[in-house]
Amino acid sequence: MKPSVLFIITSDPRTSPRPAEAIRIAAGVGTWRKTDVTMYLRDAAVLALSEFTDEIVDDENYTRYFPIIGEFGRPIYVQKQAPLLAELGEASLAFQEIPDEELARLAARHNYVARF
């Protein structure tokens, strides 16, 4: 069985480079196909899914690496009813909203959890 890692991103992509870096790392790790990668976005980090990346830090990482994550065959998970979901517009990738209880179960099923 392959190890698994859950990337939890909570930083605001409009002001922090951390979400872009997390997406770049997740895409790189997942591309090896030796680790299962899952991504979860919380709070302002949901804006990383916006179709308009020109207003976020390191926007080229989103356009270059997010499509790779979309090819991993699992949804991008987001905080259920995150306040900024309404500002998302057309999402660049399919996502699934999950409540905090499901996040806890998701984290428990992974070997590693990385928070950005």
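Quick rundown of the values:
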{"quantity": "Potential lengthening between residue 54 and residue 100 on full extension [0.36 nm per residue; Cα-Cα distance subtracted]", "calculated": "13.6 nm"}
{"quantity": "Distance (nanometres) between label positions extended 7 Å along Cα→Cβ at residue 63 and residue 35", "calculated": "2.8 nm"}
{"quantity": "Within the chain, longest stretch clear of exposed trypsin sites (Lys or Arg not before Pro) (DSSP loop, no more than 13 other Cβ within 10 Å)", "calculated": "35-108"}
{"quantity": "Highest average packing first - 5-11, 91-97, Cβ atoms within 10 Å", "calculated": "5-11, 91-97"}
{"quantity": "Inverse mean reciprocal Cα-Cα distance (Kirkwood Rh) of the chain, Å", "calculated": "13.9 Å"}
{"quantity": "Fully extended contour minus Cα-Cα distance, from residue 43 to residue 111, at 0.36 nm per residue", "calculated": "22.1 nm"}
{"quantity": "Per residue, in Å², the accessible surface of the range 19-71 once ligands and nucleic acids are set aside, probe 1.4 Å", "calculated": "46 Å²"}
{"quantity": "Pairwise centroid distance, computed over Cα atoms, of the range 1-48 with the range 86-102, Å", "calculated": "14 Å"}
{"quantity": "Protein accessible area in the chain, 1.4 Å probe - carbon and sulfur %", "calculated": "50 percent"}
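The values are calculated or read from the model by the stated rules, or taken from the named source; none is laboratory data. Predicted, not measured: the structure shown is a model, and the values here were computed from it. Glycine gets a Cβ as well: all are built from the backbone with ideal geometry, and neighbour counts include every protein chain shown. Ligands, DNA and RNA are excluded from the accessible area calculation, which covers all protein heavy atoms including side chains. Shrake-Rupley method; radii C 1.70, N 1.55, O 1.52, S 1.80 Å.
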